[in-house]
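Student: The structure under discussion is supplied below as structure tokens; questions concerning it will follow.
Every number here is computed from the coordinates shown, using simple stated rules; none is lab data. This is a predicted model, so every value here is computed, not measured. For neighbour counting, all protein chains shown are included, and Cβ atoms are generated from backbone atoms with ideal geometry for every residue, glycine included.
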Amino acid sequence: MGILLNLFAFIAIYAVSYVITHKILPLIFIKSGRILGFKMALTPLTAKRVRRFQSIRRGHYCFLILSTGFIMSLGLELYVNNKPLRIQNGDHVQYPALVNWYNFWVPENMEAIDIALPKDFNLLGEGEIDYRSFARWVDNPHQELENDAQAIEDAILQDQARFQKALAKNAQQKGLEYDPKAALPEFKEKEYKNQREKADYLRGLIPIFASGKMAITMPIIPYTYNQQLLALPGRPPHRPMQDGIPVLGTDFDGKDVLSQLLYGFRVSFAFALIVATIGYLIGIVAGAAMGYFGGWFDILVQRFIEVWSSIPFLFTIMILASVMQPSFWVMACLLVALRAWLGITYTVRGEFYREKSRDYVQAASAMGVGETKIMLKHILPNSLVPVVTYFPFEIVAYIGALVSLDFLGFGLSADTPSWGKLLRQGAENISTYPHLVSIPVLAFAATLFCVVMIGEAVREAFDPKVYARLR
Amino acid sequence: MSGMTVYFIRRLMLVPVTFLIITLMVYSILRYVPGGPIEQAEAAMKMAAMSGEGGGGNSESTTLQLDEEAMEELKRYYALDKPVLTGYLQWLGIYPREFRRRVPVVPEKGNEKNARELREAHKKLSVAKEALEKHLSPKHFVHLEGRLYQPESIEGLDKTTQDALNSEKAQSFGKHQNLNNLLKPHNLIFLDGKFLSPIDTKDPQLQAFLQQAAPLLKAVKKAQESMHHKETTSGLKLTTSGHLIRTAFDRLIELNTRKVEVGKALQAQLTPKKISIFDQQFYEPISEEALKKVDKAILETAGSLVSQGFGKRDELLSFLRNHNMTWKKNEYYRLVTQESRDKDKDFFTSVQTLLKALTMANARLLRVEHFQGFRINEEGVIYQIENARAGILQGDFGRSYTRSEPVLKSIVSKFEVSLQFGLIGYLLSWLICVPLGVFKALRHKTTFDSTTSAFVFLGYAIPGFVVCLMLLTWVAVNVEWLPLGGYKPDNIEELSNLDAFIGRVRHMLIPVIGYTIGGFATMTILMKNSLLENLGQDYIRTAFAKGLKEKRVIFVHALRNSLIPITAGIGHALGLLFAGSFLIEKTCNIDGMGLLGYQAIVERDYPIIMGVLVFGVLIRLFGNIISDVVWALIDPRIRFGS
């Protein structure tokens, strides 16, 4: 029942994200563009291409699903988080998940406190409140608190029995008589006393929680990618689909697999988008200059690219990463510098080289249009077809590169959620915990397959090949 | 010259340039980044020290533990004491590299005759000496170069001479000449801490004794002469331990012995007072209380430098020297002040003399070393310094830090394995992609086309190593049809031919699929599009118009032309084989080039990293050129460079 409800909530969030991604954001984009003085209308040719793309349903649907998913993942902290959306004690109200989300976007402002402290909630202890227990207690104070207290007492009894058994065995080995009524050693008594106090403390909380002063709203998935779930029964990794365990189980550190997958999706996708975009910007500028100006500049940059592209880039990044543990941005820069700008430079150079000799460019030049304007307004829009058609495949390549590097252990720093790290854990223990391979592989394959489908549809729409064939 | 030839010449000329740029870049990265062999050795020492102290231990006491000389040795071995460019040129083999070759004890083999004769002469001499000494011992006489001496006390001399002699005797080292000069007017010599005077040969009481001694003396002299003769003629010499060495090293050994002796004497004087010498200056350890009085800022800076390890040692020392302090083995030292030197004047003058003697001995040794071109170390091991070019241009890739074998050997042995997989994978992709592409082209836009397209795109989306992982989980783990890793059965020697073959195939299946997937999608689509394009050409129309059968038109006319772009990919595939194998070899645990490179990076094995890089870059560069050549050969329409 609970899972169904969560699923429903998830779908609702997805629907909202869909509206945001495909209705609100384009609207804002177009309106603001118009306010800034752009026409914001597609040329008939582009409009036709877009329509053609929309008519290729598999690609179009994949695009809708993925783009919505990515926009949705930007708010992950709000629905996949171990911190509550809202936690209340009488007049004291906090919104830790919201602050957490804010911190993600404004990382400089880390002082914004995204944790609720026990002292504000009539609780004992240090550090962060255990929100999940808190939620349980709020739900059903009498039963849950009593159960927890009882569990502690049971544990004491069990431990006592085990300890006495060990004592008896020890005595027997030494040939002595063991008296079960004899007092336990002092340290044990102390330990038990502490535990009993804790149980009493929990029972003491019942009236507070029963009074209705406390309230908490947890996100749909109450786990996060970097929290070790130490309270779970048994030892990590937990297999998926078990009672009392996160749906997709945990990894070797006891971290929830599902939240790692979701957060990993955001990181991988954002990484690939950023690398591809920056790489394309550099590549287009360089390629345009090469193709348009030609001459020595062209030859020099060509030779440089020839040399540069011979660098085994995976190997080089591995060497660099092995010594510096790159952060997200450093890794992105490395990939841009070593790989991302190279391929498109050649294509754009070729396009510019060809378009430059066309009549319309000559005409514009004859009319006295400046070089920058010719390049930007006349040639560039006509050379963008390969740029657009290659873009999705670049995304595939960079997601693959990031996963590969993380898999080899030369990827982003350890606290970044990643698919590659999950795969690595799985691969190292493939015979015992194959689910740690299967789950990320499925997520990975599904995402990349979607991107490839988009890419294929974009290529079909922008650069259709019509084959005439006899028979 | 045709444009084509120029184009290929240009490409070939770019190869060395590219190669140099890339290798220099990676070499510099490796040199500048922390975590090199020195740091690793240091870390290993730290670990050892930590575990030795029972896990705990404060971090300060475990830094700079490594013997500094050993560190220097390491640095020199890895050419880290040279500037990056020099190191790189040495690695290339353009700049000579310094080798220390231990000069071996002359082997007995081939010198049997000389050795035997020398030993005989040696024996004769010792027998003669023994006989003489036996004769002399009752009278406590000593013989020296054919003359006899007797012990003499210096009591009879005047007081000043006595004092002078005693003081000279106390600081004996380096002062023999002085002492003997003082003794000469009194007809005395000094030997082994004793004063001797020549015996009076006229003494009638001794005549009988001397007469008996004369033949013995003669025998000793003769034996000595014959041995000397033997040594000069053969150029060899027997050491005290009975080994043969070249006489040329006599002087070297003598000077070295002297240096070591003086050094020992100096150390013996210094140790009880806990005084050390750095750069000809006297330093004493700073006590804990005195350390507290030292400026805090200095100590903080020094402490931070110390904690950064050996790499910062030079900086630390020069910093401390500016404050009249120094550092050794986790202790701060400070310069001995003039006042305390005045207080203990005798000690410091004697030590100063010894120090001077040591410096002199050292200088003399250095001169002889330099002159002869040999070096000798404290233990008396003689080695030769040779400068030779030994880099990759000479085919010397160096030795691996971790595998203790030449880099080239490891690479070649792993290369076989990788090549095997790469070739099989490439062949397989031809066998699958070409027919598949053809069928897809012929059934363009049918259900067959779209369903296979889905698989092709899936293959494009998922990297080869992930496919391997998937197959490993589902086929090797879940149903156990195939083995989990490695590239051949462990017990392949015991198996019959057929079983061994099947075992190999079973092991290689999953990785080969991974290799194939890499280029699978691109190749299939390329084949399909290329064939579709050709089918629309005029020559196909002509062929059909001539009345040829469809099969002939497609499989003979169109297919031949459509294969051109795929064939041209051969060279690129060579490069891809290398680049892709890191992941697959790691995943499937195949002991090939990729795994070698991966482990080298993890273990910071610089020579191997550079070796793998060289191979990778060369394969890639030549692969690209081969691609172009193949393309130009099979397609006369292609014109490069125009």
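Student: Taking every eigenvalue of the Cα gyration tensor of region B:496-642, multiplying by 5 and rooting it, what semi-axes result, largest first, whole Å? Mind showing how you got there, number by number?
Tutor: Values: eigenvalues 312, 97, 26 Å².
The answer is 40, 22, 11 Å, longest axis first.
Student: Any idea which of B:Q212, A:L202, B:G459 is furthest toward the positive side of the dipole for the protein assembly as shown, if Lys and Arg beta-carbons carry +1 and Asp and Glu beta-carbons -1?
Tutor: Of the listed residues, the answer is B:G459.
Student: Hey, could you get me the Stokes-Einstein D for the protein assembly as shown, Kirkwood radius over alpha-carbon pairs, 20 °C and 1.002 mPa s, rounded to whole µm² s⁻¹? It would help to have the intermediate numbers written out before the result.
Tutor: Details: Rh = 38.4 Å.
Stokes-Einstein gives a translational diffusion coefficient of 56 µm²/s.
Student: Using Cα-only point scatterers and the Debye equation, what is log10 of I(q)/I(0) for region A:232-345 at each q in 0.14, 0.16, 0.21, 0.23 Å⁻¹, rounded to two decimals?
Tutor: Here log10 of I(q) over I(0) equals -0.73, -0.84, -1.08, -1.16.
Student: Also, I was wondering about something else. Give me the compactness ratio for region A:151-266, meaning the Cα radius of gyration over 2.2 N^0.38 Å. Could the numbers behind the result be given before it?
Tutor: Details: Rg = 21.1 Å, N = 116, 2.2 N^0.38 = 13.4 Å.
Relative to the rule-of-thumb radius for its length, region A:151-266 sits at 1.57.
Student: Cα-Cα over 21 Å: which of B:K113/B:K134; A:K39/A:K465; B:K123/B:K222?
Tutor: B:K113/B:K134; A:K39/A:K465
Student: Which three numbers, in whole Å and largest first, are the semi-axes of the equivalent ellipsoid of region B:342-500 derived from its Cα gyration tensor as √(5λ)?
Tutor: That gives 71, 20, 20 Å for the three semi-axes.
Student: What does the average come to when, for each residue of peptide B:583-593, you count the partner chain Cβ atoms lying within 10 Å of its Cβ?
Tutor: For peptide B:583-593, the averaged partner shielding equals 2.
Student: Could you give P(r) for region A:141-215, binned at 10 Å from zero, as whole percent values over all Cα-Cα pairs?
Tutor: In order of increasing distance, the bins hold 18, 35, 23, 15, 7, 2 percent.
Student: With +1 on each Lys and Arg Cβ and -1 on each Asp and Glu Cβ, and nothing else charged, work out how big the dipole of region A:245-391 is about its Cα centre, in Debye to the nearest 20. Can you show the working numbers first?
Tutor: Values: 10 positive and 9 negative charges, 66 e Å.
The dipole of region A:245-391 has a size of about 320 debye.
Student: Also, I was wondering about something else. Normalised by the empirical 2.2 N^0.38 Å for globular proteins, what value does the Cα Rg of region B:594-638 take? Numbers along the way, then the final one.
Tutor: On the way: Rg = 16.0 Å, N = 45, 2.2 N^0.38 = 9.3 Å.
Here the Cα radius of gyration is 1.71 times the empirical estimate.
Student: Moving to a separate point now. Based on the Kirkwood radius over alpha-carbon pairs, what is the Stokes-Einstein translational diffusion coefficient of region B:449-540 at 37 °C with 0.692 mPa s viscosity, in µm²/s? Spell out each step's value before the answer.
Tutor: Values: Rh = 15.5 Å.
In µm²/s, the coefficient is 212.
Student: Let me ask something additional. Taking a threshold of 21 Å on the Cα-Cα distance, which of the pairs B:K82/B:K328; B:K129/B:K221; B:K129/B:K202 fall above it?
Tutor: Details: B:K82/B:K328 24 Å; B:K129/B:K221 9 Å; B:K129/B:K202 24 Å.
Beyond 21 Å between Cα atoms: B:K82/B:K328; B:K129/B:K202.
Student: Per q in 0.11, 0.20, 0.21, 0.23 Å⁻¹, report the Debye log10 I(q)/I(0) for region A:305-393, using one uniform scatterer on each alpha carbon and no solvent.
Tutor: -0.48, -0.94, -0.99, -1.08
Student: Roughly how tilted is helix A:419-428, in degrees to the nearest 10 and between 0 and 90, from the longest Cα axis of chain A?
Tutor: In chain A, helix A:419-428 runs at an angle near 60 degrees to the longest axis.
Student: For A:W137, A:W419, A:W105, which order do you get if you count the other beta carbons within 10 Å of each Cβ and list the fewest first?
Tutor: Details: A:W137 24, A:W419 27, A:W105 10.
Ordered by Cβ neighbours within 10 Å, fewest first: A:W105, A:W137, A:W419.
Student: What whole-number value in cubic angstrom gives the convex hull volume per residue for the C-alpha atoms of chain A?
Tutor: On the way: hull volume 115.0 nm³, N = 471.
That works out to 244 Å³ per residue.
Student: Separate question: Enumerate cysteines in the protein assembly as shown without a disulfide-compatible partner, where compatibility requires another Cys Cβ under 4.7 angstrom.
Tutor: For the protein assembly as shown, the answer is A:C333, B:C433, B:C468, B:C588, because their Cβ atoms have no other cysteine Cβ under 4.7 Å.
Student: Suppose every K and R has +1 on its Cβ and every D and E has -1 on its Cβ; what is the size of the dipole of the protein assembly as shown about the Cα centre, in Debye to the nearest 20? Provide the component values of the computation, followed by the final result.
Tutor: On the way: 123 positive and 106 negative charges, 898 e Å.
Dipole magnitude for the protein assembly as shown comes out near 4320 debye.
Student: Which residue, A:L342, A:N81, A:Q94, has the largest displacement toward the positive end of the dipole of chain A when charges sit on each Cβ (Lys, Arg +1; Asp, Glu -1)?
Tutor: Ranked along the dipole, the leading option is A:L342.
Student: List the lysines whose Cα sits under 25 Å from the Cα of B:K488, skipping any in the same chain fewer than 8 residues away.
Tutor: B:K409, B:K414, B:K586
Student: Can you give me the Rg/Rh ratio for region A:36-108, using Cα atoms for both radii and the Kirkwood formula for Rh?
Tutor: Values: Rg = 20.3 Å, Rh = 16.1 Å.
My calculation puts Rg/Rh at 1.26.
Student: When only DSSP loop residues count, what trypsin sites (Lys or Arg not before Pro) in region B:404-489 have their Cβ near at most 14 other Cβ atoms within 10 Å? Intermediate results must be reported in sequence, preceding the final value.
Tutor: On the way: sites: B:K409, B:K414, B:K440, B:R443, B:K445; in loops: B:R443, B:K445.
Here the sparse-neighbourhood loop sites are B:R443, B:K445.
Student: Still on this structure, please answer the following. Treating region A:346-471 as a set of equal point scatterers at the Cα positions, no solvent, please give the Debye-formula log₁₀ I(q)/I(0) at q = 0.20 Å⁻¹.
Tutor: Cα-only, vacuum Debye calculation for region A:346-471: -1.07.
Student: Taking the Cα centre of the protein assembly as shown as the origin and placing charges on Cβ (Lys, Arg +1; Asp, Glu -1), which of B:H135, B:V630, A:Q325 is farthest toward the positive end of the dipole?
Tutor: B:V630
Student: Tell me, what is a quarter of the convex hull surface for the C-alpha atoms of region A:86-235, in nm² with one decimal?
Tutor: Working: hull surface 49.8 nm².
Result: 12.4 nm².
Student: Can you sort B:L531, B:L14 from fewest to most other Cβ atoms within 10 Å of each residue's own Cβ? The partial results should precede the final answer.
Tutor: On the way: B:L531 24, B:L14 16.
Taking fewest neighbouring Cβ atoms as first place, the list is B:L14, B:L531.
Student: Any aspartates and glutamates with Cα under 14 Å of the B:K264 Cα? List them, leaving off those in the same chain fewer than 8 positions away.
Tutor: B:E378, B:E379
Student: Taking the convex hull of the alpha carbon atoms in region B:310-409, what volume per residue do you get, in Å³?
Tutor: On the way: hull volume 20.6 nm³, N = 100.
Dividing the Cα hull volume of region B:310-409 by its residue count gives 206 Å³.
Student: Using only Cα atoms, what Kirkwood radius does region A:1-145 have, in angstroms? Mind dumping the intermediate values first?
Tutor: Details: mean 1/r = 0.0522 Å⁻¹.
Evaluated on region A:1-145, it is 19.1 Å.
Student: Return, for the Cα atoms of region B:376-467, the radius of gyration and Dmax in Å, separated by a comma.
Tutor: 26.3, 86
Student: Please list, short to long, the whole-number percent of alpha-carbon pairs of region B:361-412 in consecutive 10 angstrom bins beginning at zero.
Tutor: Reading upward from the zero bin: 20, 30, 24, 22, 4, 0.
Student: Arrange A:M40, B:M527 by Cβ neighbour counts within 10 Å, fewest through most, would you? Mind dumping the intermediate values first?
Tutor: Numbers: A:M40 13, B:M527 25.
Ranking A:M40, B:M527 by Cβ neighbours within 10 Å, fewest first, gives A:M40, B:M527.
Student: Restricting things to alpha carbons, tell me how big region B:506-552 is in terms of Rg and Dmax, in Å.
Tutor: Both quantities, over Cα of region B:506-552: 17.4, 52 Å.
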